[in-house]
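The values are calculated or read from the model by the stated rules, or taken from the named source; none is laboratory data. Everything numeric in this text was worked out from a predicted model, so none of it was measured. Here the Cβ positions follow ideal geometry from the backbone for every residue, glycine too, while neighbour counts run over all protein chains shown. The accessibility values were calculated without ligands, DNA or RNA, using every heavy atom of the protein model including side chains. Shrake-Rupley method; radii C 1.70, N 1.55, O 1.52, S 1.80 Å.
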Amino acid sequence: MFRARTVNILALGLLSPTLATNLLVSHFGGQIYSLSLSESEGNSDLIISTSTSGCGRLPAWLQYDSETQTAYCVDENWSGPGVVASFLVASDGSLTQTGNSSTAGMSVHSAVYGGVNGRSFVVTSEYTPSTITAYELPLSNETGALQTLEFTMDAAGPNSRQDKPHPHAGIPDPTGDYLLVPDLGADLVRIFSINQTSGQLTACGAGEAEAGSGPRHGVFWSSSTCRDKFYTVNELGNSVTAWTVSYPLSGCPTLVKTQTLSTYAEGVVPGNTTKAAEIHIRDNFLYVSNRGDETFGTEQDSLVTYTIDPNSGNMTWLEASSAYAWYPRSFQINKAGDLVAVGGQTSSNVAIIARDITTGRLGDLVANVSVATRGTAGGENGLSAVVWVE
């Protein structure tokens, strides 16, 4: 399936951690895995070095805070209470749990926010209960919910999955004073003001997405000549939308749509089971992953790249490239910008892909490793998230 050196889960501890770059991977089987990527004489090796539990039954999302060397994980348990957990990440990538708080379950995303350093609270997004929930940091076994906000809507949306609001992420804005929440069910990007002292969130408007588009995740971008742009990947519409963020002298910011493009090349119609998943920006390049499209062959889905005009923030299609994974639920670009780690949910693999820092184009498969058990197509199993530890 892949053309790079593959090392499986049994190859543990073969590399010196001082020569490796570390990654963390969560799996719906209940474990978090530490991976090491090493290069020697032009050959790259990707191995699994350690694994740990502590993020409940269905670990669904990972966030790494390099300032505190802390990883946060949320549990998407659909059959009862879940957890939000924190771990101290050692230099070799191994994890020591530092906090584990009970949640209502069904969490799909987390983000730290607020306070003096922007790290005093964590907010989780609960897909089916239609809630976001805030917790004070640091987490402990006694930490309870600081605040839970539940959303409603008057009528179902045009897509069958839009039976109710489905918040899918919380993204602090560059000022740190506001939180944006893409709502897949309500076709909204909800805006909340942040009380930096208490961590309380107060609703203050929303941006209206295209009907049936289902905004899932988002990312901010600006340049020296174009300020305050926000981009959402829309899961149901298989599209990406650019928004202009306006900050008045007083009150909350507003969002205005400026552009929406397909996550497929012109003339390509995505299939009924395809789902756009994740979005990231590096410099003036925007990347989105497509799940279930098999554009590059059996079990080979795509990552797509757009250029961003530095003067207007407008997107232009650049290319589609292989994700070297099936159902790429998660991906992340490293700090140097020359590598992309892709987490294939159904194929349950982590693929490391070369990236040209000048052109933004993605290239060859550098390394690949299988993690635990494969998932089933469209199922809540397999690999859930991957992040660089840098």
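With no other cysteine's Cβ closer than 4.7 Å, which Cys residues of the chain count as lacking a disulfide-compatible partner? Cysteines lacking a close Cβ partner in the chain: 226. Within a straight-line Cα-Cα reach of under 17 Å, residue 229 can be paired with the following lysines, leaving aside sequence neighbours fewer than 8 residues apart in one chain: 257. Every Cα-Cα pair of the range 183-304 was included, and the share exceeding 26 Å stands at 27 percent. Ordered from largest to smallest accessible area (heavy atoms of protein chains, 1.4 Å probe), the residues 217, 280 come out as 280, 217. Along the axis of the charge dipole computed for the range 229-316 (Cβ charges of +1 for Lys and Arg, -1 for Asp and Glu, origin at the Cα centre), the listed residues 245, 233, 261 are led at the positive end by 245. Farthest towards the positive end of the charge dipole of the chain, among the residues 131, 311, 56, is the Cα of 56, using unit charges on the Cβ of Lys, Arg, Asp and Glu. Over the Cα atoms of the chain, the radius of gyration divided by the Kirkwood radius equals 0.94; this is the Rg/Rh ratio. For the chain, the share of DSSP beta bridges that are antiparallel, to the nearest 5, is 100%.
How large is log10 of I(q)/I(0) for the range 102-226 at q = 0.13, 0.18, 0.20 Å⁻¹ when the intensity is taken from the Debye formula with one equal scatterer per alpha-carbon? With one equal scatterer per Cα and no solvent, log10 I(q)/I(0) is -0.51, -0.92, -1.09.
Using C-alpha pairs under 8 Å with a sequence gap of at least 6, the mean separation divided by the residue count of the range 259-387 gives a relative contact order of 17 percent. Using the alpha-carbon positions of the range 70-168, Rg (one decimal) and Dmax (whole number) come out as 14.9, 50 Å. The shape of the range 241-293 can be summarised by an equivalent ellipsoid whose semi-axes, obtained from the alpha carbon gyration tensor, come to 29, 13, 11 Å from longest to shortest. Of the whole protein surface, residue 91 contributes about 110 Å² of accessible area at a 1.4 Å probe radius. Distance between the C-alpha centres of the range 303-338 and the range 241-272: 16 Å, rounded to the whole angstrom.
Residues in the range 140-148 carry Karplus couplings, in order, of 8, 5, 8, 5, x, 5, 6, 7, 10 Hz; the curve used is 6.51 cos²θ - 1.76 cosθ + 1.60 with θ = phi - 60°, and Gly or Pro positions show x.
Sorting the segments 191-201, 221-231 by their mean number of nearby beta carbons within 10 angstrom, highest to lowest, gives 191-201, 221-231. Solvent exposure of residue 58, expressed as accessible area, is near 20 Å², computed with a probe of 1.4 Å over the protein chains only. The alpha carbon convex hull volume per residue for the range 315-361 rounds to 83 Å³. How large is Rg over Rh for the range 272-365, taking Rg from the Cα atoms and Rh as the Kirkwood inverse mean of 1/r across Cα pairs? With Rh from the inverse mean 1/r over Cα pairs, Rg/Rh is 0.96. The alpha carbon centroids of the range 149-214 and the range 41-61 are separated by 31 Å. With no solvent and one point on each alpha carbon, what is the Debye value of log10 I(q)/I(0) for the range 290-329 at q = 0.14, 0.22, 0.23 Å⁻¹? Normalising to I(0) and taking log10 leaves -0.36, -0.63, -0.66.
Restriction of the GluC sites (Glu not before Pro) in the range 202-252 to DSSP coil positions whose beta-carbon has at most 12 other beta-carbons within 10 angstrom yields no sites.
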